[in-house]
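The values are calculated or read from the model by the stated rules, or taken from the named source; none is laboratory data. Just so we're clear, the structure is a prediction, and the values are computed from it rather than from any experiment. Note that each Cβ is placed from the backbone with ideal geometry, even for glycine, and that neighbours are counted across all protein chains shown. Accessible surface areas use protein heavy atoms only, side chains included; no ligands, DNA or RNA. Shrake-Rupley method; radii C 1.70, N 1.55, O 1.52, S 1.80 Å.
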Amino acid sequence: MALNLVVLGPPGAGKGTQADRLAKAKGIPKISTGDMLREAVRAGTEIGLRAKAIMESGQLVSDDVIIGVVRERLDKPDAQRGFILDGFPRTVAQARALDTLMNGRDPLIVVDIVVPEAALVERLTSRLVCSTCGTNAEGVSVSAMDTTPCVRCGGQLHKRSDDSEAVVLERLKVYRRDTQPLVDYYRSRPTFRAVNGAQPMNRVYEDLAEAVDSAASGGALGGAVR
Ligand code: AP5
């Protein structure tokens, strides 16, 4: 059975960190709409030009555009063996569109990573990422940003343009309004799980992997945070 997984959670919950690791372990692609949009901005494509200001203000790119991007990506051969979606869906309209795209595929597993808001603000306003490959820099302070290269590619570290405190607060507002309702959209499905993301990364990974295995094997409902 193909693993078709959605990693849900607020900005900074650790979706990208965990999805990256699980995708490598399972040998399936991680599909991050945030990464795809940032790549489009860097490449100066039409979508990138339209998305740049929206992303920098913490708002969401339109459902039509992002659904089209995901539809095209899920059609690629590597996504037929399974995939991990990070940052999609983000609205009920996107979730409905994804349900349609899942026709004829193995069932969707949805895992919500739950983290208190104060921790999210702290994580995001102190986050440094590589300006070349986008990898998060672990344990590097802002004062050491210019002298510490990315561990993956040697690129220059920087702060994401949407990680200022004002934009982070806006992203959290948008999350509460548009994305949190997805937890209710998915909660009653037998393949929905929630994990506690306010733990060390390795522990979150273990809980995520266990939640995925239990959902895949049809275990009991997992709406409560473990
Ligand atoms: P996107 O890139 O998806 O941003 P996001 O959802 O706000 O998520 P982040 O990447 O900021 O956080 P994350 O949960 O992946 O956490 P991470 O692992 O990096 O989207 C950006 C923008 O693109 C959106 O605002 C929107 O404009 C647009 N967009 C994207 N998708 C869209 C869609 N579907 N529809 C419309 N618009 C869309 O971790 C964060 C930090 O915390 C890191 O420093 C990490 O090291 C640290 N950390 C992780 N886990 C832990 C832990 N357990 N303990 C301590 N620290 C941790």
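Rounded to a whole number, what % of the accessible area of the chain do carbon and sulfur atoms account for, probe 1.4 Å? Kindly include the intermediate steps, with their values, before the conclusion.
On the way: 5890 of 10980 Å².
So the carbon and sulfur contribution to the accessible surface is 54 percent.
Once you list every other residue whose beta carbon is under 12 Å from the beta carbon of residue 174, what net charge do they have if Lys and Arg are +1 and Asp and Glu are -1? Spell out each step's value before the answer.
On the way: positive: 90, 171, 173, 176, 177; negative: 162, 170, 178.
Spelling it out: positives minus negatives among the neighbours equals +2.
Would you work out which of 198, 182, 137 lies farthest towards the positive end of the dipole of the chain, given +1 charges on the beta-carbon of Lys and Arg and -1 on that of Asp and Glu, about the Cα centre? The residue sitting most towards the positive pole is 182.
For segment 107-179, which GluC sites (Glu not before Pro) are both in a DSSP coil and crowded by at most 15 other Cβ atoms within 10 Å?
Working: sites: 117, 122, 138, 165, 170; in loops: 138.
Listed in order of number, the matching sites are 138.
Between the C-alpha center of segment 160-176 and that of segment 17-53 there is a gap of 18 Å.
Report the local net charge at residue 29: Lys and Arg +1, Asp and Glu -1, summed over other residues whose C-beta lies under 12 Å from its C-beta.
+2
Only Lys, Arg, Asp and Glu carry charge here, each on its Cβ (+1 for the first two, -1 for the last two); on that basis segment 1-103 has a dipole of about 300 debye about its Cα centre. Seen against the Cα atoms of the chain and their longest principal axis, helix 15-26 is set at about 60 degrees. Counting only Cβ charges, +1 for Lys and Arg and -1 for Asp and Glu, the dipole size of segment 104-153 around its Cα centre is about 160 debye.
Before I look further, what does segment 1-139 give for accessible area per residue, probe 1.4 Å, in whole square angstrom? Let's see the in-between values first.
Values: 6200 Å² over 139 residues.
Per residue, segment 1-139 has an accessible area of 45 Å².
Given the pairs 24/76; 26/173; 76/173; 26/52; 26/159; 24/173, which span a C-alpha to C-alpha distance of over 24 angstrom in this model? Intermediate results must be reported in sequence, preceding the final value.
Details: 24/76 18 Å; 26/173 33 Å; 76/173 33 Å; 26/52 32 Å; 26/159 30 Å; 24/173 32 Å.
Going by Cα-Cα distance, 26/173; 76/173; 26/52; 26/159; 24/173 fall outside the 24 Å limit.
Just checking the listed ones, 43, 211, 95: in the Gaussian network model of the chain with Cα springs under 10 Å, the one fluctuating most is 43.
Using Cβ point charges alone (K and R +1, D and E -1), the dipole size of segment 112-226 about the Cα centre works out to roughly 180 debye.
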